[in-house]
Structure formats: structure tokens, C-alpha cells
1. In the range 213-232, how many residues are of a type in the set (G, A, S) and under 13 Å from the mean Cα position of the chain (by Cα)?
2. How many residues, within the range 251-279, are buried (at least 17 other Cβ atoms within 10 Å of the Cβ) and either out of contact with any Ser or Thr (no Cβ under 8 Å at 6 or more places or on another chain) or under 19 Å from R158 (Cα atoms) (or both)?
3. Just to be sure, is S196 without any contact (Cβ under 8 Å) to a residue 40 or more places away in the chain, surrounded by 15 or more Cβ atoms within 10 Å (Cβ to Cβ) and hydroxyl-bearing (S, T, Y)?
4. Against the definition (within 20 Å of M254 (Cβ to Cβ) and surrounded by 15 or more Cβ atoms within 10 Å (Cβ to Cβ)), how does L189 come out, yes or no?
5. I'm checking my understanding of the structure. Among residues of the range 106-136 that are in contact with a helix residue (DSSP H, G or I) (Cβ under 6 Å, 6 or more places away or on another chain), among the aromatic types (F, W, Y) and closer than 23 Å to V208 by Cβ, which one is surrounded by the most Cβ atoms within 10 Å (Cβ to Cβ)?
6. Could you list, in sequence order, all residues of the range 29-45 that are touching a residue at least 40 places away in the same chain (Cβ under 8 Å) and in contact with a Lys or Arg (Cβ under 8 Å, 6 or more places away or on another chain)?
7. Condition first: in a helix (DSSP H, G or I), touching a strand residue (DSSP E or B) at 6+ places or on another chain (Cβ under 7 Å) and either surrounded by 24 or more Cβ atoms within 10 Å (Cβ to Cβ) or acidic (D, E) (or both). Can you find one or more residues in the range 231-244 that meet it?
Amino acid sequence: MADWLRFFKEKWDIPHISIQAVSGGSINSSFRLESTKGTFFFKHNTATTYPGMFEKEAFGLNSLSAADCIRSPEVLEYGTFGNQAYLLLEWIESGIAQKNYWTTFGQQLALLHQYTDKEFGWEHDNYIGSLHQYNRKKDSLVEFFIQERLNPQLEMARNAGLLDSALEERFNLFSERLPTTLPEEAPALIHGDLWSGNWMTDRAGKPVLIDPATCYGPREMDLAMMQLFGSPPFSFFEAYHEVFPLKKGWQKRMEVYRIYYLLVHVNLFGTGYLNPIRKVLDDYS
């Protein structure tokens, strides 16, 4: 870390900085940076391995912050140092969830999802974990979900030899049924990768969104990802529904949207995630 200490000391023209490693996922190296300018969250990775990752994350965080519905860390700067890319964010101290935490979370996420755009997609592609995520703009929810979410992951899995022809055929049948399964709704500003590791609780006991894979997409995708490894309590969904009611049959559609995130896990971690995909495909094909 000596090079990074020297980098920030020279950049900020200050003599005293300390860096302490913190947990921050498997993709990046993450640190708490303390200085006379304040305390910050700092992470870096190899710029050529994940080109533009932090620039796109910063854009997503700024978009979530601009909506002013649910807290996310302030972006201070991003850039490169040698062959390393870095992102500097405000440091948010963790706290204990307050009594009405899940009600607040449900209300705030519903408000975020009411931010909309004319088309599904985003200004640029970004990342889902370490994988490329496509965001070409589409008029239709179903078209966006198939072409920008399912198909790229299926192609990646096919090229890696993770899918057999029988499973691919079942996916074809599944895709054919999506127009009658997924209701057309307006595009929603979504976090995009909302598993439990991508939100935290601040000192005030309120939810904070981190590490987004943001786009204007189907709002139920955020709810589906929140239930991939466990689930928020009923009070969360009740509060969400009161602010921005979900269309009938939303519980069943959760498994449809989770297929995307399961495909991501197949491409990241292997075929162990194919069995829950097969179960959903059985229901629809």
C-alpha cells in the first residue's frame, strides 16, 4: 500500500494518511482511508481487467443519489494510477437497523422505482459482479429482459460449455411464453444487483444502497434479487406495495426474474446453479 499512500499524500498535499483493509467483495481490494481531509472508502482493481468499471459504478451511484429516495454513498472521485483503477467514496459508518427499518426500506425502494424513463436500458453498458451487463435501449420490458439480460448470459454459458442443447431448447420455449407472463410496465430506476451484500445500514439505522448495476429496467428484478438468498420480511413488501402497488401475480414472477441472476451465477461459479433454473423452466415449458 506504500504506493497508494504516496499517491494520495501527493494528490492532496497532506502528510498524514493511513489505510486499513476492509471487506469489499472478491473483485476489488477495499480499504478505509483516514486522513486530515476526512475518512473515505477506497477500492481499486486492475484497469485492463475491468475497463470502466468504477466510472460506471460512479455514474450509477450518482443516479441513485440524484433520485433522493434512499441513501447511497457520495462519489468523491475515480481515476487510474499506473495500471490500477480506483474509486473513492464517502465512508459510511455501519449501524444497527432501527425498529421500522424494513418498512422504511420498502417505502424508499418503491419511491426509487417510480423514477422512470421513456425506454428500458441505460446510457451505457455496465457490470453485474465481474461480468459485462448490456443496456441497449428497448421500448418493451419483455424485449429488454430477453435481449439484454437473458440472451447475453445464455451465450456466455453456451460458449463456456455450461449448457446442453436440451436446456437451450427449454430456454427457447420459456422465452416464447414471456410476453404472456411479464406485464408491460414503465421502466423503473433500479439498483440492478440488490442482494443482501449490496445494501447496508448506516449509523442512523437507515438502509444504504451500494455497488449498483443500475439501469431503467423491470422494477420486480430488484425484488427478485432480494429473495435469491433468503428474503426480507413481510413488512418490507407490505410497505413497498402501499407506496407503489405491484401487479397481480408478482410473487410468481419473482422466479422468472431470478433466472437472470442465476445465469450470472452459472457463468461466475459453474453449473451448480443450473438446478434451480431447471425447476423454473419446468413450470413454464
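1. Taking the range 213-232 and keeping what is of a type in the set (G, A, S), we get 213, 217, 224, 230-231.
From what's left, under 13 Å from the mean Cα position of the chain (by Cα): 213, 217, 224.
Number of matching residues: 3.
2. Matching residues across the range 251-279 total 16.
3. On the way: without any contact (Cβ under 8 Å) to a residue 40 or more places away in the chain: yes; surrounded by 15 or more Cβ atoms within 10 Å (Cβ to Cβ): no; hydroxyl-bearing (S, T, Y): yes.
Taking the combined requirement at face value, the residue does not satisfy it.
4. Yes, satisfied.
5. The residue in question is Y127.
6. Within the range 29-45, T39, F40, F41, F42 qualify.
7. no
Let's see how each residue does on (1) under 21 Å from the mean Cα position of the chain (by Cα); (2) within 30 Å of Y115 (Cβ to Cβ); (3) not acidic (D, E):
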position	(1), (2), (3)
R158	no, no, yes
L162	no, no, yes
E184	no, yes, no
D211	yes, yes, no
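The values are calculated or read from the model by the stated rules, or taken from the named source; none is laboratory data. Bear in mind that the values here come from a model prediction, so they are computed numbers and not experimental data. In this analysis, Cβ positions are derived from the backbone assuming ideal geometry, glycine residues included, and neighbour counts consider all displayed protein chains.
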